[in-house]
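Quick notes on the structure that follows.
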Amino acid sequence: MLIIRCHICGVFADETELQPGGEAHIKRYRSQSSTEDFSSYLFDRSNKKGIHFERWRHAYGCGKWFHVARCTETLEVFGSYSAQTLKPPKSILDKIKVIRPDFKGWKNE
Ligand SMILES: [Zn+2]
């Protein structure tokens, strides 16, 4: 079972209190974007095994959305952070690199 700390209210909640929202940091395109860009926004997801950055909502708590870095293979949670960011915070990326030296960084940054 996943235990995730809500970044907004600080509660450690199990997954039954939370609603998954899919991959985090998906780029939205303007209404004038191409059909390919809009299709990519709607359907293209990485869904990879290993370290993943996701959106979660504290559905039975504060109701707010936030982001979580976790491993889809071991269910290890590395941390939660604001959904108002364009990329994961350096503190979480550094924590992942310490625990998983083979981690290549977020989008290889
Ligand atoms: Zn909350």
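A few points about this structure:
- Applying the set (1) outside any loop (DSSP other than H, G, I, E, B); (2) under 19 Å from K107 (Cβ atoms); (3) at pLDDT 95 or above; (4) not aliphatic (A, V, I, L, M) to F66 leaves exactly one unmet item: (2).
- Taking the numbered list (1) in a strand (DSSP E or B); (2) among the small types (G, A, S); (3) within 15 Å of the chain's Cα centre (by Cα); (4) modelled with pLDDT of 95 or more in turn, A13 passes all entries but (3).
- For A83, the stated conditions do not hold, so it cannot be described as in contact with a helix residue (DSSP H, G or I) (Cβ under 6 Å, 6 or more places away or on another chain) and either touching a residue at least 24 places away in the same chain (Cβ under 8 Å) or crowded, with 18+ Cβ neighbours inside 10 Å (or both).
- The number of residues in segment 88-105 being touching a helix residue (DSSP H, G or I) at 6+ places or on another chain (Cβ under 8 Å) and surrounded by 14 or more Cβ atoms within 10 Å (Cβ to Cβ) comes to 3.
- Leading residue by the ranking (farthest from the chain's Cα centre (by Cα)) among those in segment 46-76 that are surrounded by 16 or more Cβ atoms within 10 Å (Cβ to Cβ), of a type in the set (F, W, Y) and within 10 Å of the ligand (Cβ to nearest atom): W65
- Flag if T85 is assigned to a loop (DSSP other than H, G, I, E, B), in contact with a His (Cβ under 9 Å, 6 or more places away or on another chain) and away from the ligand (no atom under 16 Å from the Cβ): yes
The values are calculated or read from the model by the stated rules, or taken from the named source; none is laboratory data. Because the structure is predicted, anything quoted here is derived from the model rather than measured. Positions of Cβ are backbone-derived with ideal geometry, glycine not excepted, and every protein chain shown enters the neighbour counts.
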